[in-house]
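The values are calculated or read from the model by the stated rules, or taken from the named source; none is laboratory data. Just so it is clear, the structure is predicted and the values come from calculations on it, not from any experiment. In this analysis, Cβ positions are derived from the backbone assuming ideal geometry, glycine residues included, and neighbour counts consider all displayed protein chains.
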Amino acid sequence: MIEETGVVLVAQGDLAEVECRRQSTCSACGLVGGCGTSLLERYFGRRQRILTAHNALGARAGDPVVVGIPEAALLTAAFAAYLAPLLALLGGALLAGWLAGAMAVTATNGAELLGGVVGLALGLLWLRQFGRKQGEDPRYRPVILRRAVPLPARVELDLTPAQRP
């Protein structure tokens, strides 16, 4: 299980909406503020993520909890999100190029480009449907594992490079 801490927003029956804050490793990196992740975070801010989790513990609104997501769900989602659009794009371009060559069309590059765009669009549509099906499958639903100990407020220290450990 991949674990994340969060706070229960709403609890109804055996399901609960849990707000999880996205964690970034910017505070542990020596390039603070000099990488793409920190740049994106600076412009778009940290977004909250609300998960619908199975609530076997009976957690109530306001309770800090630890939510677990099965590794299989994450791996399946990652493969689908990265590979499906890429394979659809390549497949569309190859199919369009083959069809253009078979029909003796002189503008095969344009046909391949158009085929790639159509393939990518079809791959993204498939991914949307796949995501909806996976979201409804209880095997892939996040689960509240335990109550979490509330963490104290984070304290930022401004240390000069000579004072850093």
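Evaluate the following for residue 108: is it of a type in the set (Ser, Thr, Tyr), surrounded by 12 or more Cβ atoms within 10 Å (Cβ to Cβ) and farther than 30 Å from residue 6 by Cα? Lay out the reasoning, then the answer.
Values: of a type in the set (Ser, Thr, Tyr): yes; surrounded by 12 or more Cβ atoms within 10 Å (Cβ to Cβ): yes; farther than 30 Å from residue 6 by Cα: yes.
Yes; evaluated as a whole, the condition is true for this residue.
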Contacts under 7 angstrom Cβ, first residue in segment 133-146 being modelled with pLDDT of 85 or more, partner surrounded by 12 or more Cβ atoms within 10 Å (Cβ to Cβ) and of a type in the set (Gly, Ala, Ser), 6 or more apart | 142/53; 142/68; 143/53; 143/68; 144/16; 144/53; 144/59; 145/68
